[in-house]
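The structure appears below as structure tokens.
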Amino acid sequence: TFTSDTCSFNVPNIGTIALRIVEREPAKTVKLVTEKSPVPFTCWIQLTQAAPEDTRLKLTLRADIPFMLKGMVSKPLENMVQKVAEALAALPY
């Protein structure tokens, strides 16, 4: 589900994750924080124009993962970041 400032989705083996946009800089940056997540994190989506008609996307995730959970959640979080980046890159802007 989503609104103009929030989105939530279910991730298999992790649970529901809800994100809220806390900062926007048009055509440059969007910063999101978790409202509901087994592991709290912050996510940045950055866009950079490399050349005319060529925009690069960088997706950064910062999570404070407790040491005991690191082995269990690191790989699913990496996979999620990769899938989100691929979905964003596939959108027709």
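The values are calculated or read from the model by the stated rules, or taken from the named source; none is laboratory data. Values in this document were obtained by computation on a predicted structure and should not be read as measured data. Cβ coordinates were reconstructed from backbone atoms using ideal geometry, including for glycine residues, and neighbour counts include every protein chain displayed. The accessibility values were calculated without ligands, DNA or RNA, using every heavy atom of the protein model including side chains. Shrake-Rupley method; radii C 1.70, N 1.55, O 1.52, S 1.80 Å.
Only four residue types carry charge here, +1 at the Cβ of Lys and Arg and -1 at the Cβ of Asp and Glu. Report the dipole size of the chain about the Cα centre in Debye, rounded to the nearest 20. Don't skip to the end; give the middle numbers.
On the way: 11 positive and 9 negative charges, 44 e Å.
In debye, rounded to 20, the chain gives about 220.
With every protein chain kept in the model, how would you rank Arg20, Arg62, Arg56 by accessible area, 1.4 Å probe, largest at the top?
On the way: Arg20 90, Arg62 155, Arg56 135 Å².
Accessible-area ranking of Arg20, Arg62, Arg56, largest first: Arg62, Arg56, Arg20.
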**Fill in**
Between the Cα axis of helix 67-90 and the main Cα principal axis of the chain, the angle (0 to 90°, nearest 10) is 30
**Prompt:** Quick one: Karplus J couplings for segment 51-59, per residue in order, coefficients 6.51, -1.76, 1.60, θ = phi - 60°, nearest Hz, x for Gly and Pro?
**Reply:** 6, x, 6, 9, 10, 9, 10, 10, 10
**Fill in**
Taking placed amide H atoms and a strict 5 Å upper bound, the residues 5 or more places from Val11 or on another chain that come that close are Thr16, Ile17
**Asked** Can you give me the relative contact order of segment 29-82 as a percent, contacts being Cα pairs under 8 Å and 6 or more apart?
**Response** 27
**Asked** What are the ³J(HN,Hα) values, in whole Hz, obtained from phi via the Karplus relation 6.51 cos²θ - 1.76 cosθ + 1.60 with θ = phi - 60°, for each residue of segment 25-39 in sequence order, with x given for Gly and Pro?
**Response** 10, x, 6, 9, 9, 10, 10, 10, 10, 7, 9, 8, 5, x, 10
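Given the rule -39500 (n - 2.57) for each run of at least 4 DSSP H residues, summed and divided by the residues of the chain, what is its mean residue ellipticity at 222 nm, to the nearest 500 deg cm²/dmol? Please report the intermediate quantities before stating the final value.
On the way: 1 runs with 24 residues, N = 93.
Computed mean residue ellipticity for the chain: -9000 deg cm²/dmol.
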**Amide H contacts under 5 Å for Thr55, placed H, 5+ residues apart** = Ala50
**Request:** Compute the relative contact order of the chain as a whole-number percentage, counting only Cα pairs closer than 8 Å that sit 6 or more residues apart in sequence.
**Result:** 15
**Complete:** Rh (Kirkwood, all Cα-Cα pairs) for the chain, Å, reads 14.3
**Request:** Obtain the radius of gyration and the Kirkwood radius of segment 1-40 from its C-alpha atoms and give Rg over Rh.
**Result:** 1.03
**Request:** Stick to Cα atoms and the Kirkwood definition of Rh, then tell me Rg/Rh for segment 40-93.
**Result:** 1.09
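Nearest 20 debye, what's the magnitude of the dipole of segment 16-69 about its Cα centre given +1 on Lys and Arg Cβ and -1 on Asp and Glu Cβ?
Working: 8 positive and 6 negative charges, 19 e Å.
Result for segment 16-69 is approximately 100 debye, rounded to the nearest 20.
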**Prompt:** Once fully extended, how much extra length lies between Leu69 and Glu86, figured as 0.36 nm per residue of separation less the alpha-carbon to alpha-carbon distance?
**Reply:** 3.5 nm
**Prompt:** Considering only Pro76, Ile65, Val22, whose Cα is most displaced toward the positive end of the charge dipole of the chain, charges sitting on Cβ of Lys, Arg (+1) and Asp, Glu (-1)?
**Reply:** Ile65
**Asked** For Glu35, which sequence-distant residues (separation of 5 or more, or a different chain) have an amide H within less than 5 Å of its own amide H, given hydrogens modelled in the peptide plane?
**Response** Ala18, Leu19, Arg20
